[in-house]
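Undergrad: I am attaching a structure below and will ask some questions about it afterwards.
The values are calculated or read from the model by the stated rules, or taken from the named source; none is laboratory data. From a predicted model like this one, the values you see are computed outputs, not experimental measurements. Reconstructed Cβ throughout: ideal geometry from the backbone, glycine too, with neighbour counts over all protein chains shown. What goes into the accessible areas is simple: the full protein's heavy atoms, side chains included, and nothing from ligands, DNA or RNA. Shrake-Rupley method; radii C 1.70, N 1.55, O 1.52, S 1.80 Å.
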Amino acid sequence: MLESEIPGILVAMPKLDNTYFEKSIILLCNYNVDGAFGLIMNRPSSTKVKELLSPELSKKNAFNIPLLLGGPVEPDSFWAIHSSEISIEDTTKISSKINLSSAKNILNLISEGQNINSIQLGLGYSGWGPGQLDHEINQESWWLAPLDEKLLIEMEYEIRWEKTIENLGFDLLTTTSSQTGMV
């Protein structure tokens, strides 16, 4: 995999059925010789974000959204994928339309009156050690697709995997593996 392909979207292939990552869509945020870091963007929990917030913030309609489960690593890490009109000290620019920040810091800005067009909040992340993700791609567990901001910002969680598979040209009735794990 090339660093120029990051950010991208990791698509769980059918080979990962009956695993933690079954039908996952992962925003692959970072990849280098030390490993890879991503966030599952289609695994909503039964908890609404507003249930975790102060009474003042919980009244904001923007937080009547499911809390995402970003992965099995550090399940207490609280992050925000949000539109790019907000950028603070700890913000990582993912693309021209998407930023990644500490949820706590973004929530503080919103509580001070800052508006935000789009936000998704989650706990935990998905991580791979050096060479691990490359190996899993070669084993046809994942497909690396180009970043699709509309998918991550606008599409309903429940259809993100199926739509991505369809957009990549896979037929789920016949696809069990692929020739290679990259577009």
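Undergrad: Looking at Ile65, Ile106, Ile86, Ile110, which one is open to solvent by 30 Å² or more (accessible area, probe 1.4 Å) and over 27 Å from Leu144 (Cα atoms)?
TA: Exactly one residue qualifies, and that residue is Ile65.
Undergrad: Another question about this same structure. Report, by residue number, each residue of segment 1-29 that is touching a residue at least 40 places away in the same chain (Cβ under 8 Å) and open to solvent by 50 Å² or more (accessible area, probe 1.4 Å).
TA: Glu5, Lys15, Tyr20, Lys23
Undergrad: Then there is this: Picking from Lys104, Lys93, Lys59, which residue would you name as being touching a residue at least 12 places away in the same chain (Cβ under 8 Å) and of a type in the set (Lys, Arg)?
TA: Checking each option against the conditions leaves just Lys104.
Undergrad: Separate question: Among the residues of segment 27-60, write down those that are basic (Lys, Arg) and farther than 18 Å from Asp148 by Cβ.
TA: Lys48, Lys50, Lys59, Lys60
Undergrad: State which residue pairs qualify: first residue over 30 Å from Pro130 (Cβ atoms) and inside segment 37-50, second residue part of a helix (DSSP H, G or I) and of a type outside the set (A, V, I, L, M, F, W, C) in any location, beta carbons under 8 Å apart, and separation of 6 or more residues or different chains.
TA: Pro44/Tyr157; Lys50/Ser58
Undergrad: Which residues, counting only those in segment 132-147, are out of contact with any Pro (no Cβ under 7 Å at 6 or more places or on another chain) and among the aliphatic types (A, V, I, L, M)?
TA: Across segment 132-147, the qualifying residues are Leu133, Ile137, Leu144, Ala145.
Undergrad: Out of everything in segment 113-125 that is touching a Ser or Thr at 6+ places or on another chain (Cβ under 8 Å) and either among the basic types (Lys, Arg) or on the phi < 0 side of the Ramachandran plot (or both), what residue ends up being surrounded by the fewest Cβ atoms within 10 Å (Cβ to Cβ)?
TA: Filtering segment 113-125 for residues that are touching a Ser or Thr at 6+ places or on another chain (Cβ under 8 Å) and either among the basic types (Lys, Arg) or on the phi < 0 side of the Ramachandran plot (or both), the one surrounded by the fewest Cβ atoms within 10 Å (Cβ to Cβ) comes out as Asn117.
Undergrad: I'd like the full set of residues that are acidic (Asp, Glu), closer than 16 Å to Glu85 by Cα and under 19 Å from the mean Cα position of the chain (by Cα), limited to segment 111-150.
TA: Selection gives Glu149 alone.
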